[in-house]
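Have a look at the structure below, then the notes.
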Amino acid sequence: MSHSGIPVKLSARGLNFFYGRHQALFDVNLDFPEYRITALIGPSGCGKSTFLRCLNRMNDLIPGARAQGEILLNGENINDRRTDVVSLRRRVGMVFQKPNPFPKSVFENVAYGLRVNGMTKKAEISDKVEESLRRAAIFEEIKDRLHKSALSLSGGQQQRLCIARALAVDPQVLLMDEPASALDPIATQKIEESMHELKARLTIIIVTHNMQQAARVSDGTAFFYMGKLVESGETEGIFTRPRLKQTEDYITGRFG
Amino acid sequence: MNTKETRLQQELERLRAKLLIMCASVDVALDNASAALYGGNPERVETVLRGDAAINTLEMEIDDMALSILARNQPVAHDLRFVVAALRMVLDLERIGDEAVSVAERALMLHARLPAAGMRIVNELMDAARALYARSVEVFRAGDAEKAMDLRRNEDEGSKKEMLALQRMVDYLRGRDGREPDWTPDAGLHALLACRALNRIRRRSVNIAEQTFFIARGENIKHIRSGTDGGKAPPLCYALGEGIPKA
């Protein structure tokens, strides 16, 4: 249970992270309550994206990178050697800063993960693709273009397609690394609206440099600085009455 | 972590400076209203009336500045609290200015027709209201949450003194103080209306201190009870009935 009484979905315990000899994260302890949106904020290089990628072991792909400490998903340590990383990344999906659809049709982008996970029946796949596109709030816009190239979509539509692609395999947690930083305000608003809908069934963790976005979309906020978790808590409290001066200086733009 | 002054900080500083100018303008209005009461000087009354237009203009300017900062900068934390408090304070300041006008408008008539016994009470209330206003502005200028809370707490005592003064006024007007009534009905009515205006100046001065506390600590103490009467002055009408606190 978190302090607020909501069950904890994901939790970092004494997490340290190294790129070779450089330590990027220092003893991070943070809980992510279930069905809530948590924003990770902090200046560039503070470790928030590194931390995000630790949560589904994306950093495993970087030579020389290593993590110490525990990350508990439903109470199980995902840093355990026996963890099936493919299965982990299905349960903890990810959306990146720049939309990265496959050079395939809209339909195939979403169906891809389903096929990889063994779904073969066409009707089931079709239903799931539609459901995922609806959950990402893009189906109505592109329902007549399902078999056109995903690359023909606008940037905002591509990003929501990537969200649909992540949703198709029913993740429990969705990691979003500055998902709207390359989008215009209307596309950004659509992403934020879909996040609000998604949190009914998902735990969402978002990295953002946009303070207003963090304040708008998240329930909880964690502020990182120089690899350390400085302050975390309810978003409303962080943005109206932060406890620490470092947090206040950062969110008010005095940090320099 | 080093800090820097951003464009937002400069705009907030300008907003604060404008608020302090408005505080000073209201203080001048109270000073002139007080002088008009004490001395019956029509020029002082005229100055209060003319100055009120400038106070109203400041209110609109501060309102615009605060809205612009909210729309363009989306401030957070202390900055947000300051802008929100500025929007609240500006209403209190403008109304204190209006009450100064209300007192000034009656000053010449009261000075001419209300006998000394009644004027002493009005002047006493005027001095108390001005002193409280000056303290609340000083607390705001210093951004001192502790002193803001002290002002709020001590206001229990201040409001009791005010009630006693009002009781004396009511006793005087009713002839309960043993003297033959020496006032005219219109003087009595205006004396009470002036007392009500001064009571409102006190209450709105307390609001300014409450906003200072909100800016510093992020807590709204407006409706938090701090004493048996909730830390707020009891309604003025209590002075006309029973149950007035005794000295």
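The values are calculated or read from the model by the stated rules, or taken from the named source; none is laboratory data. Nothing here was measured: the structure is a model prediction, and the numbers come from that model. All Cβ positions, glycine included, derive from the backbone under ideal geometry; neighbour counts span all protein chains shown. Quick note on the areas: whole protein, heavy atoms, side chains included, nothing else; ligands and nucleic acids left out. Shrake-Rupley method; radii C 1.70, N 1.55, O 1.52, S 1.80 Å.
Counting, for every residue in A:90-96, the Cβ atoms of other protein chains within 10 Å of its Cβ and taking the mean gives 0. Only helices enter the 222 nm calculation for chain A: every DSSP H run of n ≥ 4 contributes -39,500 (n - 2.57), and dividing by all residues gives -10000 deg cm²/dmol, rounded to 500.
Per-residue shielding of B:80-88, expressed as the average number of other chain Cβ atoms within 10 Å of the residue Cβ, stands at 1.
Take each peptide in B:73-81, B:183-191, count the other Cβ atoms within 10 Å of every residue, and average; sorted highest first, the result is B:73-81, B:183-191.
Here region B:7-240 is treated with +1 on each Lys and Arg Cβ and -1 on each Asp and Glu Cβ, and its dipole about the Cα centre works out to around 460 debye. Taking every protein chain into account, the 1.4 Å probe leaves A:Val230 with about 30 Å² of accessible area, to the nearest ten. This model, with +1 at the C-beta of Lys and Arg and -1 at the C-beta of Asp and Glu, gives the protein assembly as shown a dipole about its Cα centre of some 1680 debye. The accessible area of A:Ser152, taken with all protein chains in place and a 1.4 Å probe, comes to roughly 70 Å².
Going from the chain on its own to the full set of protein chains, region A:228-246 has these residues losing 20 Å² or more of accessible surface (heavy atoms, 1.4 Å probe, no ligands, DNA or RNA): A:Phe239, A:Thr240, A:Arg241, A:Gln246. With a Cα cut-off of under 27 Å and a minimum spacing of 8 residues unless on different chains, the lysine pairs in region A:110-226 number 12. Taking both sides together, the accessible area buried where A meets B is about 1400 Å² for a 1.4 Å probe. Take each residue of peptide A:247-253, count the partner chain Cβ atoms within 10 Å of its Cβ, and average: the result is 6. Leaving out same-chain residues fewer than 8 places away, which lysines sit with a Cα under 30 Å from that of B:Lys161? Within the straight-line limit of under 30 Å, B:Lys161 reaches these lysines: B:Lys147, B:Lys222, B:Lys232, B:Lys246. Accessible surface area normalised per residue over the protein assembly as shown is 46 Å², counting heavy atoms of protein chains with a 1.4 Å rolling probe.
Apolar share of the accessible surface for chain A: 50 percent from carbon plus sulfur atoms, 1.4 Å probe. Rolling a 1.4 angstrom probe over region B:7-240 with all protein chains present gives an accessible area of which 53% lies on carbon and sulfur atoms.
The fraction of all Cα pairs in region B:7-240 landing in successive 5 Å bins from 0 to the largest distance is 1, 7, 14, 17, 17, 14, 12, 8, 5, 3, 1, 1, 0, 0, given as whole percents. Under 12 Å between alpha carbons, and skipping anything fewer than 8 positions from B:Lys160 in its own chain: which aspartates and glutamates qualify? Partners found: B:Asp229. Global dimensions of region A:120-160 from alpha-carbon coordinates: Rg and Dmax equal 10.5, 31 Å. Against chain B, whose longest principal axis comes from its Cα atoms, helix B:7-39 is set at around 10 degrees. Here A:Lys245 is the anchor, and the aspartates and glutamates within straight C-alpha reach of less than 12 Å, apart from those fewer than 8 places off in the same chain, are A:Glu231.
Across the protein assembly as shown, counting alpha-carbon atoms alone, Rg and Dmax equal 32.0, 105 Å.
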